[in-house]
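The values are calculated or read from the model by the stated rules, or taken from the named source; none is laboratory data. Just so it is clear, the model here is predicted, and its values are computed rather than measured. Don't worry about glycine lacking a Cβ; one is built from the backbone with ideal geometry, like all the others, and counts go over all protein chains shown. The accessibility values were calculated without ligands, DNA or RNA, using every heavy atom of the protein model including side chains. Shrake-Rupley method; radii C 1.70, N 1.55, O 1.52, S 1.80 Å.
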Amino acid sequence: MFYALLFILLACGVGYAKYLETKQKNEKNEGNSKVDRPLEFILFQRSYLTVYLLAMFADWLKGPYVYALYDSYGYNAADIATLFLSGFLASGITGPFVGSYADKYGRQKMCKAFFLIYIASAVTKPINNYAILMLGRILSGFATSLLFSAFEAWMIQEHNRLGFSSQLLSETFTIATFGNGLVAIVAGLVANLSVDYMGYVGPFMIAIIPLGTGFFMVHT
């Protein structure tokens, strides 16, 4: 209850600060030409932000309890460190090639691949087998590379193709950054509740819901 109230207070404070910032910008730009926000752009922006924040929400869900889950399975610090290292290596190795994969196979397919790979990674977590957990970490590393490249690349490509203003692109990134901070807080609260009822695998199982929803939205 305390954390829920703290979150509400923080969210209200951040929201008010954002309101003041927007108000100051509007006053500063008063009299200058304003960029039109056509309905097509508004729908486009909402679609992107919904999918992107679902993906980030799922990513934030699992973060706090990865180590705790491995520790609960009885693995020592060295084994856990190897699991983490495998994920970082997978992300580092595939990162430089993600852009070329997106150009070759399409950005939509890469976004769909992120959701499927992340779901596969989450499914490995309830299985107390080191090899399977290692596979899950490697899959998670692949997915992380896609998360921080494919979505933004696809959005920018479509933004330019549809002829929207570059100022509106900056707006989308601003909202995405602000929204990412909020979903991180919400994900922390949800993850904590899921651990109380489902154990340390809870956040990973709950993450399948936003991942599945995001995949459906991208597919359609």
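Key figures for this structure:
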{"item": "Lone qualifier among Ser194, Ser121 - being within 25 Å of Leu89 (Cβ to Cβ) and touching a helix residue (DSSP H, G or I) at 6+ places or on another chain (Cβ under 8 Å)", "result": "Ser121"}
{"item": "Which listed residue is assigned to a helix (DSSP H, G or I), within 30 Å of Glu40 (Cβ to Cβ) and in contact (Cβ under 8 Å) with a residue 40 or more places away in the chain, from Val190, Val183, Val195", "result": "Val183"}
{"item": "Residues located in the range 171-185, provided they are open to solvent by 50 Å² or more (accessible area, probe 1.4 Å), touching a helix residue (DSSP H, G or I) at 6+ places or on another chain (Cβ under 7 Å) and β-branched (Val, Ile, Thr)", "result": "Ile175, Ile185"}
{"item": "Scope the range 157-170; condition open to solvent by 40 Å² or more (accessible area, probe 1.4 Å), in a helix (DSSP H, G or I) and without any contact (Cβ under 8 Å) to a residue 40 or more places away in the chain; matching residues", "result": "Asn160, Arg161, Ser166, Ser170"}
{"item": "Test: residue in the range 122-139 that is under 21 Å from Ser47 (Cα atoms) and either of a type in the set (A, V, I, L, M) or modelled with pLDDT of 95 or more (or both)", "result": "no"}
{"item": "Condition check for Gly74: open to solvent by less than 70 Å² (accessible area, probe 1.4 Å) and out of contact with any helix residue (DSSP H, G or I) (no Cβ under 7 Å at 6 or more places or on another chain)", "result": "yes"}
{"item": "Ile127 being of a type in the set (A, V, I, L, M), open to solvent by 30 Å² or more (accessible area, probe 1.4 Å) and either assigned to a helix (DSSP H, G or I) or within 17 Å of Leu54 (Cα to Cα) (or both)", "result": "no"}
